[in-house]
Amino acid sequence: MATKLAEVDAVLVGVGLVGTMLGRELTRAGLKVVGLERGRPQFTVPDFQGPQMHDELRYSVRKGLMQDNTKEAVTFRNRADQVALPIRRWESFLPGTGLGGAAVHWNGQTYRFQDSDFRMRSLTTERYGARFADPGLTIQDWGVTAADMEPHYDRFEYLLGVSGLAGNIGGKKIAGGNPFEDARRRGYPTPPMKEPYGSALFRKAAAQQGYHPFPQPSSNLSQPYTNPEGMQLSTCMFCGYCERYACEHYAKSSPQTILLPVLLKDPHFTLRTQAQVLRINLSKDKRQATGVTYVDAAGREFEQPAKLVVLGSFALNNVRMLLLSGIGTPYDPRSGQGTVGRNYAYQTMSSVQVFFDEKTNINPFMRSGACGTVIADFVGDNFDHGPHKFIGGAYVGEVMTNGRPIEFHPTPPGTPSWGGKWKSAVVRHYNHTSVLNVHGSSMAHRANYLDLDPTYKDAWGLPLLRMTFDFPANDLRMSAYVTGKAVEIGRAMGARQVNGAGRKGPYTVTQYQTTHNTGGTVMGADRSTSVVNCYLQSWDVSNLFVIGASNFPQNASYNPTDTVGALAYMAAEAIVQRYLKSPGPMVQA
């Protein structure tokens, strides 16, 4: 039987990026807050220090910072008529765990979504007609615009100390920045990172072809920075151990470096780690959350009553928690009814290898998680889709994150996959190869969704989340088109050989692509097609807020973290300035 604890004003499920931000905003408003984190406590000192943090076998191969899938896995299948099986080894995507969550091991690539992303359904219809998008795509508007999001993006980027060059300040275009971005109120807080040699070759080639290269916005910092919370960050050392690793230098923005130490000093905040939340508890009429039930590391069960519940865990886990708690209506792909688990989307990735002669030294080991140069000419709706018969797009860039010895072995097509000839080819090409990243959008489709698995359970006896996903034909056409453009740029870089092709189906979980899992608790203005309103408040349980990439109705061309952070600040503002003064639904259904 669970031990019932004293009621608090708010309980946070997950103390990663979202949980830390909401904890800070709610305690600052005077609330007594408890944060429940399933993972262990971890801090820059002593946990993230070298040389152990540069252990490639531990962190890249054995996924040392990731969710323990011997206790809590996800099952997967491509189609609803298949039997899903548990993912027993993370490869395609890497859910983080531990204090700070996935924001500890992210790479720091920090982009704003565009207005055409937030209003995808209405703007696509307006520009191309109601029948342009493939049947079966369930794209929809978010219920917010880029202008709505701008102040929250701005605040989040100054919390992070993002390094970049703005392309549009107050409607004035800035040379060298992203000319396609929506207007922002001011520039980035720190200047762009230094440009690696391979990125410089990309920039020159892209510009020669009439595109608009700009430095990738980065939360690996270009110079020392003190954020508005008084946290001091250092300059990135380009050590090559960023994505999949924690930063030992205080140079990558993460909860530990930008906010968590401030929150932990607040007497209104209590952190409990190794606390596995089992469910959100509801009132008898299921219209109010009364708190959560969790199990600690010793196996003891507790009930934590709370007036307000904020669910801010990894996207997949947000969806699972609602399903386990009986909140909302699960999505049914046969009828198209129900919203929880609907519009699961991913990211459509491909790459182009650019092989140079031995006079061109790329030095891939001197990289950060987010340095590099990109173009946005094929992002979202920045180009005319009419002749191409697909929606969405991708950015293209020379944004290599590392040249680590176990993972980086570039060889041209036709090279044997093992033996002496393979070794010789790796030695020949290691320092003379660039990789172009094609980072594509993912459209929601009626057949792609999340639900509870009927067979497999976790270590606590609860059903695993089941993922049903394959790439929609729309996204494969998009990937083929944009990857072809990337191949052309690669050839213009002066390469001896270029190799690349668009993403092919079916989707597999055995090959790393990206950790950008989105959707399942999507936001919107219509409760029949969304789980939360535009303030991320549950339509069904008004004192429950669900925050994360699970709110995305479909996934855009860009990386999601900047938008997750902006959504968190937007929701926090709504809670503090509106909900606390008059608890209840902030939007009438």
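The values are calculated or read from the model by the stated rules, or taken from the named source; none is laboratory data. Computed from a prediction, not measured in an experiment: that's the story for all the values here. Positions of Cβ are generated from backbone atoms using ideal geometry, with glycine treated the same way; all protein chains shown enter the neighbour counts. What goes into the accessible areas is simple: the full protein's heavy atoms, side chains included, and nothing from ligands, DNA or RNA. Shrake-Rupley method; radii C 1.70, N 1.55, O 1.52, S 1.80 Å.
Here region 268-330 exposes an accessible surface that is 47 percent carbon and sulfur, computed with a 1.4 Å probe and the other protein chains kept in place.
Taken per residue, the accessible surface of region 292-374 reaches 31 Å², heavy atoms only and a 1.4 Å probe. Counting Lys and Arg as +1 and Asp and Glu as -1 over every other residue whose Cβ lies under 12 Å from the Cβ of Thr508, the net charge comes to +1. Peptides 93-100, 333-340 ranked from most to least packed, by the mean per-residue count of other Cβ atoms within 10 Å: 93-100, 333-340.
Of all segments of the chain bounded by GluC sites (Glu not before Pro) found in a DSSP loop with no more than 16 other C-beta atoms within 10 Å, the longest spans 408-589.
Counting only DSSP beta bridges whose two residues both lie in the chain, roughly 65 percent are antiparallel. Rolling a 1.4 angstrom probe over the protein heavy atoms with all chains in place gives region 435-511 an accessible area of 38 Å² per residue.
Note on the chain: dipole from Cβ charges, positive end direction compared against Leu137, Val8, Thr455; the farthest Cα belongs to Thr455. Dipole size of the chain about its Cα centre, with +1 on Lys/Arg Cβ and -1 on Asp/Glu Cβ: approximately 580 debye, rounded to the nearest 20. One way to sum up the overall shape of region 19-130 is the equivalent ellipsoid from its Cα gyration tensor, whose semi-axes run 32, 26, 17 Å, largest first. Both radii come from the Cα set of region 493-583: Rg as radius of gyration, Rh as Kirkwood radius; their ratio Rg/Rh reads 1.18. Which residue, Ala495, Ser538, Met467, has the largest displacement toward the positive end of the dipole of region 436-589 when charges sit on each Cβ (Lys, Arg +1; Asp, Glu -1)? Going by the charge dipole, the pick is Ala495. The loop-placed trypsin sites (Lys or Arg not before Pro) in region 117-187, going by DSSP, that have at most 14 neighbouring Cβ atoms within 10 Å of their Cβ come out as Arg131, Arg185, Arg186.
Selection among Tyr481, Tyr579, Gln511 by position relative to the dipole of the chain gives Gln511 as farthest towards the positive end (Cβ unit charges, Cα centre). Per residue, the convex hull spanned by the Cα atoms of region 209-293 amounts to 240 cubic angstrom. For region 112-224, the orientation-averaged shadow of the C-alpha convex hull comes to 9.1 nm² (one quarter of the hull surface). Element breakdown for region 347-466 at a 1.4 angstrom probe: carbon and sulfur atoms account for 56% of the accessible area. Electrostatic bookkeeping for Glu195 treats Lys and Arg as +1 and Asp and Glu as -1; over the other residues with beta carbon under 14 Å from its beta carbon, the sum is +3.
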